[in-house]
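Student: Would you mind keeping the following structure in view while I ask a few things?
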Amino acid sequence: MTMVVSNITTPPRQSPFTPGSPVPIEMFVGRQKQIEEIQKFALQATTGRLEALFLLGERGIGKSSIASFARYLISTKINMFGTQVFLGRVTTVDDTVRIVFEQLLKESKAEKWYSNIATLFGKYIEQVGLFDISIKFNPPKDDLEQIANDFPKALTSFLEKLDGEKTGLFIALDDIDGLLVNSDFANWFKSFVDKVATSGGKFPVCIMLIGLPEQRDVLAELQPSLM
């Protein structure tokens, strides 16, 4: 695994990102290099090797838009199961892991493998809304801590339930500012990488962190060996 940094330095003429709306492909002229780089490492991950990327750029430059478009291409061209998780003010590892699996569950609901996923995490899944239209992943605190500690195992179990329908997982962790208030996330991510590296098994997962240049620097200071 290599932590690869893809840097966006040229601001778009206008923001192409509108939540809930498709992003026109023509808005990404000049962004091919970053998008192709992300695709390249996602493709490498499908061979069974963990890949970690850091997509960085200043505020408003289009990081989330590029991640969203790259995820779409990776899902359609490489057949990976992709998700983009907006962490906002999340400050703990446990909440990060909970939100990641909650998003994976939500995006699996319309897929034929959802019943397999529901069996795997059944006792932790809550259907919410008048017609059970949404999903909450809500394990007890002790169980959530165990899932966070065994994050590689939990992701592997999730992949196994896809019945070979996808070539791997692409996970974009967007807006990680709140996770850098202390060393917990940096140490957890380093531990995650180490556990995968020493497991000896295939791990077709590509994880992309998305943030500001100074956030990458903070991450490097908190856990220098991660870079």
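Student: For segment 88-120, which positions are under 20 Å from residue 145 (Cβ atoms) and crowded, with 20+ Cβ neighbours inside 10 Å?
Tutor: 90, 93, 96, 97, 98, 100, 101, 102, 104, 105
Student: Look at residue 76 and say whether it is assigned to a loop (DSSP other than H, G, I, E, B), out of contact with any Ser or Thr (no Cβ under 6 Å at 6 or more places or on another chain) and at pLDDT 90 or above.
Tutor: No, not satisfied.
Student: Among the residues of segment 195-207, is there at least one that is out of contact with any helix residue (DSSP H, G or I) (no Cβ under 8 Å at 6 or more places or on another chain) and assigned to a helix (DSSP H, G or I)?
Tutor: yes
Student: Sticking with this one: Within segment 48-77, how many residues turn out to be acidic (Asp, Glu) and over 24 Å from residue 203 (Cβ atoms)?
Tutor: The total comes to 1.
Student: Could we say that residue 149 is surrounded by fewer than 16 Cβ atoms within 10 Å (Cβ to Cβ) and not aliphatic (A, V, I, L, M) here?
Tutor: No: the conditions fail for residue 149.
Student: I've got another one for you. For segment 43-59, indicate whether the set of residues that are under 14 Å from the mean Cα position of the chain (by Cα), under 20 Å from residue 155 (Cα atoms) and assigned to a loop (DSSP other than H, G, I, E, B) is non-empty.
Tutor: yes
Student: Tell me, which residue of segment 29-52 that is in contact with a helix residue (DSSP H, G or I) (Cβ under 8 Å, 6 or more places away or on another chain) and hydrophobic (A, V, I, L, M, F, W, C) is modelled with the lowest pLDDT?
Tutor: Out of the qualifying residues, it is 35.
Student: Okay, moving on. What residue, of 60, 48, is over 26 Å from residue 177 (Cα atoms) and either among the β-branched types (Val, Ile, Thr) or in contact (Cβ under 8 Å) with a residue 40 or more places away in the chain (or both)?
Tutor: 48
Student: For segment 158-177: of the residues being under 16 Å from the mean Cα position of the chain (by Cα) and assigned to a helix (DSSP H, G or I), which is surrounded by the most Cβ atoms within 10 Å (Cβ to Cβ)?
Tutor: 158
The values are calculated or read from the model by the stated rules, or taken from the named source; none is laboratory data. Keep in mind the model is a prediction, meaning the values are calculated, not measured. Please note: Cβ atoms are built from the backbone with ideal geometry, for glycine as well, and neighbour counts cover all protein chains shown.
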